[in-house]
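Everything on this sheet refers to the single structure shown next.
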Amino acid sequence: MRRIEVGAGGGAPPYTVTVGPGLLDTLEVPQRHVALIHPEDLPPEFVARVQARLRPVVTVAVPARDDCKTLAVMAGVLSRLAAAAIPRDGAVVGLGGGAATDLAGFVAASYLRGVAFYTLPTTLLGMVDAAVGGKTGVNLPEGKNLVGAFWPPRAVWCDTGTLATLPPAVFREGAAEAFKHGLISDPSLLPRVLDPEFRPGGALLEGTLADAVAVKAGVVTRDLTEQGERAFLNFGHTLAHALEAVTDHAISHGEAVAYGMHYAARLSRAQGGADLSAHTLAFLRWQRPTPLPALTYDAVAPYMARDKKADAQGVRFVLLRDLGQPYLARVTEDVLREEFTGWLEDVRRTQEGHGA
């Protein structure tokens, strides 16, 4: 079992991310009035185990994956909490994947202007990324995560036993964020993520997962509200969020990040950085993401323009000078177009099994 401390900022005490098996059966929170939020497709066993430990006043099932991240779903959840009379000294517990915990955190930040929040991620993507750092929110039709709040949890429990229930494709999807942490900070993660023992129950699972969490924990502690370094965690995400939006989430987040990391690697090389495309192509081959529909740069560009790293001067991309050396940069339109064309060709060749 591993424990990683994360700074919460604003004078709040740090919180602990615990990584290990069997954690759903050892949960404790000091609040007596608890609201449990989980996706409707979560294994009932997980819900029952948490209910047995925390005795929630109300349990709310929400739509699966990003279908739960809407203002309409959030309004319904808030009404359920109000009807159950959850008090200001109550707590919201988010159980499930990254989408459900994003929603649960925003509910906690908003209900009665803020109640305690705890998160129990049950997917690899949720454990490595969404559950750590206090970013909460929902989507709008215009783009992903455009409404939200910074609301750190009081504790995070990553029960690695829950990963055994994931379909292999969902596990591989979640590995994108761990691989990204290797590219931007800890290169030792790169071979470990691609190792056959990085799997549910595998010898490399817990240590690799904990080290990937530690990368994000360190960044978040130094930059809670994304004023600087935290933006580096968005490596690959400018195109990724655009792909999610333009395909109406037919491409899942982790798969979109895998695609986006390769585009960012190509842009990094075009801007004079090291050629890291061999790493991002190796990950694409390993992950085997959902094939892309027919895409054009002109269809995707408007969504990239809404990226949260954009400012009055336009879009900024997280690029790499080399492994572990991220930076923010503006890229000219002609380079974006040219590299998009090359990226599409790389993706096509990879998915046809011919390499790139």
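Spatial offset of region 46-68 relative to region 278-341 amounts to 36 Å, using the alpha carbon center of each.
Remark: the residue 274-residue 32 segment gains 81.8 nm on full extension, using 0.36 nm per residue and subtracting the alpha carbon distance. Full extension of the chain segment joining residue 298 with residue 40 gains 89.3 nm, where the gain is 0.36 nm per residue of separation less the Cα-Cα distance. Probing with 1.4 Å while keeping every protein chain in the model, the per residue accessible area of the chain equals 39 Å². The modelled label-to-label distance for the pair residue 169/residue 84, using points 7 Å beyond Cα in the direction of Cβ, is 3.3 nm.
What residues of region 253-281 lie in the reach of a label at residue 247, counting those whose backbone N is under 19 Å from a point 7 Å from the Cα along Cα→Cβ? The answer is 253-266, 280-281, whose backbone nitrogens lie closer than 19 Å to the label point. The residue among 20, 243, 77 whose Cα reaches farthest toward the positive pole of the charge dipole of the chain, with charges on the beta-carbon of Lys, Arg, Asp and Glu, is 77.
Of all beta bridges that DSSP places with both ends in the chain, some 40 percent have antiparallel geometry. Placing +1 on the Cβ of every Lys and Arg and -1 on the Cβ of every Asp and Glu, with no other charges, gives the chain a dipole of roughly 740 debye about its Cα centre. Across the options 165, 198, 224, the greatest Cα extent toward the positive end of the charge dipole of region 110-269 (unit charges at beta carbon of Lys, Arg, Asp, Glu) belongs to 224.
The residues neighbouring residue 191, those whose beta-carbon lies less than 13 Å from its own, together hold a net charge of -3 under the Lys/Arg +1, Asp/Glu -1 convention. The distance separating the Cα centre of region 206-220 from that of region 249-263 comes to 21 Å.
With the whole protein complex present, residue 298 retains an accessible surface near 100 Å², based on a 1.4 Å probe. Using heavy atoms of the protein chains and a probe of 1.4 Å, the accessible area assigned to residue 237 is about 10 Å². For the chain, the number of Lys pairs with C-alpha atoms closer than 16 Å, counting only pairs eight or more positions apart or on separate chains, is 9. Dividing the summed -39500 (n - 2.57) terms of all DSSP H runs of n ≥ 4 by the residue count of the chain sets its mean residue ellipticity at 222 nm at -13000 deg cm²/dmol. Take residue 197, project a point 7 Å from its Cα along the Cβ direction, then tell me which residues of region 136-179 have their backbone nitrogen under 19 Å from it. Only 160-161, 164, 179 pass the distance filter. Ligands, DNA and RNA left out, the 1.4 Å accessible surface of the chain is 52% carbon and sulfur atoms. Counting only protein heavy atoms and using a 1.4 Å probe, the accessible area of residue 151 comes to about 80 Å².
The values are calculated or read from the model by the stated rules, or taken from the named source; none is laboratory data. Since we're looking at a predicted model, the values are computed, not measured. Heads up, the Cβs are rebuilt from the backbone with ideal geometry, glycines too, and the neighbour counts pull from every protein chain shown. With ligands, DNA and RNA removed, areas are computed over all heavy atoms of the protein, side chains included. Shrake-Rupley method; radii C 1.70, N 1.55, O 1.52, S 1.80 Å.
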